[in-house]
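Colleague: Before anything else, here's the structure in question.
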Amino acid sequence: MNAFAIAALALLGGFVPLAWVLLRERELDAVVALEIGGVIVTLVLICLGEAFHRSVYSDVPVVSAAATWIGGMVFARFIGRYL
């Protein structure tokens, strides 16, 4: 296990407070938690790609970052009319 694999495991612990926010807070706060969760997933995928020394694994985090941004805009658009 190298430092990148340990960093990926440590980043996975960031989902615990996000799950709390998603389940307990308002819808707008849940959208923010969803965006932060997408950032954490992207960082975990980057760390795993570096941990396994595979350059081809860097494509998935790029797609994940774009999908997170687009998904956040869609959620904000639909939730915006209820606020």
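Rule-based calculations on the coordinates, nothing more; no lab input. Keep in mind the model is a prediction, meaning the values are calculated, not measured. No Cβ is skipped: glycine too gets one built from the backbone with ideal geometry, and neighbour counts run over all protein chains shown.
Colleague: Taking L43, is it within 29 Å of A76 (Cβ to Cβ) and touching a helix residue (DSSP H, G or I) at 6+ places or on another chain (Cβ under 7 Å)?
Modeller: yes
Colleague: Hey, can you tell me all the residues within segment 39-55 that are surrounded by fewer than 17 Cβ atoms within 10 Å (Cβ to Cβ) and either in contact (Cβ under 8 Å) with a residue 40 or more places away in the chain or among the small types (G, A, S) (or both)?
Modeller: Residue satisfying the conditions is S55 alone.
Colleague: Return the pair list, or none, for Cβ contacts closer than 8 Å from residues in segment 59-77 that are part of a helix (DSSP H, G or I) to residues that are of a type in the set (S, T, Y) and surrounded by 11 or more Cβ atoms within 10 Å (Cβ to Cβ), at least 6 apart or on different chains.
Modeller: Partner pairs satisfying both residue conditions: P61/T42; S64/T42; A65/T42; T68/T42.
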